[in-house]
Amino acid sequence: MIYRGELDAKEEQEGITERYLVSVDSLYALRDRRKAKTKQDKSFRGDSALRQIEGNTTELLREAIAWLETRAAENAELRTRLELTAQTDSTLREQLERERTRADRLDAETRELREQLADARQPWWRRLFGG
């Protein structure tokens, strides 16, 4: 209303804050103009209410958009985490399989060495005569 010239005001600045000092006379003049317009036009209140609803709708849309942007960012973060988890799972499964193969090989070597040790501990005459 200040920018449209409906209210007289002086701009007052303090640092980074900015505010306007509105003339009381211009407020009274605005009130009188509105009263006169209300008497002339019965739909003025309806229009005013409609503008208020539109303003509320705009605010609701802004809040909804902000909420959606936040959820989209969270969704992107969760997708990234899921991807990393899948890669980690795949890597761990491969490592587990390699370790199982290694453990099986070592078990076979251990059995073979135990058999050789048992054969080596037999007396010479048993090894020679097979007894």
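Given axes a ≥ b ≥ c from the Cα gyration tensor, I'd like to know whether the stretch 63-121 is rounded (a/c under 1.5), prolate (a/b larger than b/c) or oblate. Verdict is prolate for the stretch 63-121. Here Trp67 and Leu21 are evaluated by their C-beta separation; at R0 = 22 Å the FRET efficiency comes out at 0.05.
Accessible surface calculations at 1.4 Å, restricted to protein heavy atoms, place the stretch 69-131 at 97 Å² per residue.
Modelled spin labels at Asp104 and Ser90, positioned 7 Å past Cα toward Cβ, are 2.3 nm from each other. Under 5 Å from the amide H of Ile2 lie the amide H atoms of Leu7, each residue being 5 or more positions distant or on a separate chain, with H modelled from the backbone and absent for Pro and chain starts.
The values are calculated or read from the model by the stated rules, or taken from the named source; none is laboratory data. Note that the structure is predicted; figures quoted are calculated from it, not measured. Backbone-built Cβ (ideal geometry, glycine too); neighbour counts: all protein chains shown. We work out accessible area using only protein heavy atoms, side chains counted, and drop any ligands, DNA or RNA first. Shrake-Rupley method; radii C 1.70, N 1.55, O 1.52, S 1.80 Å.
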